[in-house]
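**Student:** Okay, here's the structure, questions in a sec.
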Amino acid sequence: MFRKRILFVLVVSLMTAACSDDSRNRRGPDEWDFDDDVSVEDDAGDVGDEVDGSDLDADTPDAEIPDTDTPDADTPDVDTPDVNIPDADTPDVNIPDADAPDADIPDVEEPDVEEPDVEVPGTCVELWAGGAPAGEDFDFGARNEATTLSFELRLCEGAAPTRVDALEAVGDAYTLVLGSVNGWPAPIEEGRTLNFTLTFDPQEVDLDGELVVGVVDVPGEFRFGLTGARMAYSPECPAVTPQAAPSFTAVGPANPAEATGGLFDLSVAGTYVPARFSAQWYVVDTPAGATSPVFYDRSDEAPTRVRLDAPGDYVIGLKLYDEQLGQDCAPVMLPVEVIESAFGANDAVVTVTWSNAQVPNPSEGNGTDMDLHLCHPDGEFNTTEGWCVYWRSAATVWHTGNAELVIDDLYGVTGEMISQEFALPGFSYRVGVEYFNDNGYGPSLATAKLYQRGVEAHVQTRLLQYLDFWRPFDFDPATGVTVVDTVQNGSSFP
């Protein structure tokens, strides 16, 4: 604006000067030179053309027009706010900052994620037995023997479907067996239940228990009480002792019993009337990983037998039942140990050792020599047809099992041993000992032993002279050992 005022004053001043009375510089029309070039360049070169030159001065405003248009040139200055429009729009540019709360929406909505805990009702399952709800506690009642019942888990009426991810029976008296399931965790919903069985054993000490059901939804777990009682024992039960021995062996009953794996005979020692008291055998405990023992109890066969194969400690229970009063007797426990024998898993092992007072410390090249013989019922001593095992026929096969001379001793250092993998009931196997060479030391005391299923079954001794052939015993797995104890000098005999 200030510039415009200066320009206006200048223009007025120039106009005033042009209109002043200056006759010297005026021309009349007759003096006008129409051929005069009034261009600036020409005025500059003509003499006496001061008026024209002054005209040029008067025309200065025309030359200054661009100055007058300066405001137009300044238009951008006036429009500067328009240029600054982006500054005015800065809030639009900052829209993301303004929208920052939208980016934080997940944080704000966290309560919505937790809504199921608050808004969705918890699930509920019920215990059913015999087609009816069992309630919060189930009572097996008074029992005299282990009892197994079927159960199912159902969804409570109106409850949300759920899935069972854990099911456990707590308590020594209770055993749970899960039925078939279609996937795990097992779904519980309308029309779909979870089936299982519970076995209650009244012979355990603590009869209280609990069924624990774990579910994937709130509240996460349900518990049902389990109870039961033991029937009163008969007041007239006799005192008895359970016994066990390896089946088909000459090993006498023992308590506790031990042998390599296989069949064991179970028997009852004591005075009782079988017509009034019936005996029941059952498994109480087995080694870890062992298969469940199998009992063989047929009315036409005595005694009862059980197969125990895996090495370890077993506990077999005996329970008498008073048929007259309809009551059990207190159970009696029988421990049985299945061993791993140094003789291996052979049905029978026969050994002979000997000693001589003249050779208190026998050694290689210094001692006496005896030979052990074991013959099949079809064989003859001192023959080599495969029916007898001794130093001339050291190995053969009987009943698809090996029979072999395992140790052959020439000086009485270790003694001799013959092993028999399979010894079958009904076969009478014969044992013989020959005093083969005394090496001048005279008589020697021989000891013959029979081991069945890893357990010593029989021991027999006799003083032998040089060339004696001693027949200590025979053995049949079905009937046991038969003592022979005969000696013939100078030859072997059947």
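No value in this document is a laboratory result; all are computed from the given coordinates. Bear in mind that the values here come from a model prediction, so they are computed numbers and not experimental data. Counting neighbours? That spans all protein chains shown, and the Cβs are built from the backbone with ideal geometry, glycine included.
**Student:** Would you tally the net charge around Glu157, using a Cβ to Cβ cut-off of less than 12 Å, leaving Glu157 out, and scoring K and R as +1, D and E as -1?
**Tutor:** Summing Lys and Arg as +1 and Asp and Glu as -1 gives -1.
**Student:** So if R0 is 25 Å, what FRET efficiency would Gln324 and Thr147 give, r being the distance between their Cβ atoms, rounded to the nearest 0.05?
**Tutor:** Rounded to the nearest 0.05, the efficiency is 0.65.
**Student:** Calculate, for Asp208 and Ala478, the FRET efficiency according to 1/(1 + (r/R0)^6) with r their C-beta to C-beta distance and R0 51 Å; round to the nearest 0.05.
**Tutor:** My answer for the efficiency is 0.60.
**Student:** By counting other Cβ atoms within 10 Å of each Cβ, how are Asp139, Asp369 ranked from fewest to most?
**Tutor:** Lowest to highest Cβ neighbour count: Asp139, Asp369.
**Student:** Report the full-extension gain for the segment Ala129 to Arg307: residue separation times 0.36 nm, less the Cα-Cα distance, to one decimal in nm.
**Tutor:** Gain in length upon complete extension: 60.6 nm.
**Student:** FRET efficiency for Tyr233 and Asn402, Cβ-Cβ distance as r, R0 = 41 Å, nearest 0.05?
**Tutor:** Numbers: r = 51 Å, r/R0 = 1.24.
According to the calculation, E is roughly 0.20.
**Student:** Once fully extended, how much extra length lies between Gln488 and Glu157, figured as 0.36 nm per residue of separation less the alpha-carbon to alpha-carbon distance?
**Tutor:** Between Gln488 and Glu157, full extension yields 110.0 nm more.
**Student:** Hey, another quick one. How charged is the neighbourhood of Tyr314? Take every other residue with its Cβ under 13 Å from the Cβ of Tyr314, and add Lys/Arg as +1 and Asp/Glu as -1.
**Tutor:** That sum, taken over residues with Cβ under 13 Å, equals -4.
**Student:** For the stretch 190-222, which GluC sites (Glu not before Pro) are in a loop by DSSP, counting at most 13 other Cβ atoms within 10 Å?
**Tutor:** Within the stretch 190-222, the qualifying GluC sites (Glu not before Pro) (loop, at most 13 other Cβ atoms within 10 Å) are Glu190.
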